[in-house]
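The values are calculated or read from the model by the stated rules, or taken from the named source; none is laboratory data. What you are looking at is a predicted structure, and each value in this text was computed from that prediction instead of being measured. Here Cβ is always computed from backbone atoms with ideal geometry, including for glycine, and neighbour counts include all displayed protein chains. Heads up: the accessible areas ignore ligands, DNA and RNA and are worked out on the full protein's heavy atoms, side chains in. Shrake-Rupley method; radii C 1.70, N 1.55, O 1.52, S 1.80 Å.
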Amino acid sequence: MSQANEPIIQIDNVHKRFQTLHGTVYALNGVSLNVMPGEVVVVVGPSGSGKSTMLRCINRLETIDAGSITVDGLPLRGARNINKVRAEVGMVFQSFNLFPHRNALDNIILAQRVVRHRRKREAVERAHDLLAKVGIPEKADAFPAQLSGGQQQRVAIARALAMDPKIMLFDEPTSALDPEMIKEVLDVMLDLAREGMTMVVVSHEMGFARAAADRAVFMDEGRIVEEDVPDVLFSTPSHDRTKLFLSKIL
């Protein structure tokens, strides 16, 4: 277990390659990044820059080819520690990945029962509390098809929080949402940040980054090009590549 003054996520010189029909793609090319407990880090960059791959490597949805990743003091080597790490790391994806045949409450209860081995009553109480936390207590009996995109994503966040993670990873959680639904999801994330949740967020929502992030990281071609506090990185970036990217999205 990491100490309060030590990084809770340590990524050291990580390399990740994918083989494609067109040859080898270097998704991560010597990435190093430390995240402290309670820190909120927002990662930006063009499509294909390695942002999502880095997130997926943190809880070993992708294996790495070289380097090392340590999460809460547990090295991700081989098959060891994977389940321990995943129990401490919640992940929210672009697509909501809810079970369509289960209502919102059951989607939140399932992993608590299977992974955390909670009694049903405790899991149900936790699920109701979390639906209230994300602002949709009245949707407990609704199935995913009956929910808006923003509501489905909030159920997905509640499901991840039900495992009581120490770290939350968000992979472009608002990119599949209509504009009017984005704010309701970002508000939930902003509340989590204020409560001290350690978060790594891949997102181009600059307003959220400025309001919630302690640090912004710009990635390109599998590398971390630049990092700083959001106001500095977004207003006066040092690297030409960062300037070019930001000029297109700000």
task = On the protein heavy atoms, probe 1.4 angstrom, tell me the percent of accessible surface of the chain carried by carbon and sulfur.
result = 48
ask   = Sorting Ile182, Ile9 by accessible area (1.4 Å probe), largest first, what list results?
value = Ile182, Ile9
request  = Answer rounded, prolate or oblate for segment 142-208, using the Cα gyration tensor with square roots of eigenvalues a ≥ b ≥ c: rounded when a/c is under 1.5, else prolate when a/b is larger than b/c, else oblate.
outcome  = oblate
remark   = Checked against a 31 Å limit on the C-alpha separation, the offending pairs among Lys84/Lys243; Lys16/Lys243; Lys16/Lys84; Lys166/Lys248 are Lys84/Lys243; Lys166/Lys248
query = Which value, in Å² and to the nearest 10, is the accessible area of Glu62 when all protein chains are kept and the probe is 1.4 Å?
reply = 40
task = Give the whole-number value, in cubic angstrom per residue, of the convex hull volume spanned by the C-alpha atoms of segment 88-186.
result = 88
query = How many Å² of accessible area per residue for segment 1-156, probe 1.4 Å?
reply = 50
query = If Leu244, Leu21, Leu250 are ordered by their accessible area, calculated over protein heavy atoms with a 1.4 Å probe, which sequence runs from highest to lowest?
reply = Leu21, Leu250, Leu244
note = Expressed in square angstrom to the nearest 10, the accessible area of Thr236 with a 1.4 Å probe stands at 90
message = Test of understanding: in a Gaussian network model of the chain with alpha carbons linked when under 10 Å, which of Gly73, Gly150, Gly207 would top the mean-square fluctuation ranking?
response = Gly207
ask   = To the nearest Å, what is the center-to-center distance of segment 137-197 and segment 95-131, using C-alpha atoms only?
value = 14
task = Sticking with the crude label model, points 7 Å out along Cα→Cβ, report the distance from Gln19 to Glu180 in nm, one decimal please.
result = 4.9
remark   = Of all GluC sites (Glu not before Pro) in segment 146-196, the ones in DSSP coil with at most 14 other Cβ atoms within 10 Å are Glu195
note = Sparse-neighbourhood loop hits (trypsin sites (Lys or Arg not before Pro), segment 41-85; DSSP loop; Cβ within 10 Å at most 14 others) -> Arg77, Arg80
key: Positive-end residue of Leu186, Thr24, Val35, charge dipole of the chain with Cβ unit charges   = Thr24
message = I need the trypsin sites (Lys or Arg not before Pro) found in segment 114-192, filtered to DSSP loop residues with at most 11 other beta carbons within 10 Å of theirs.
response = Arg119
ask   = Top to bottom by accessible area (1.4 Å), largest first, where do Phe143, Phe208 land?
value = Phe143, Phe208
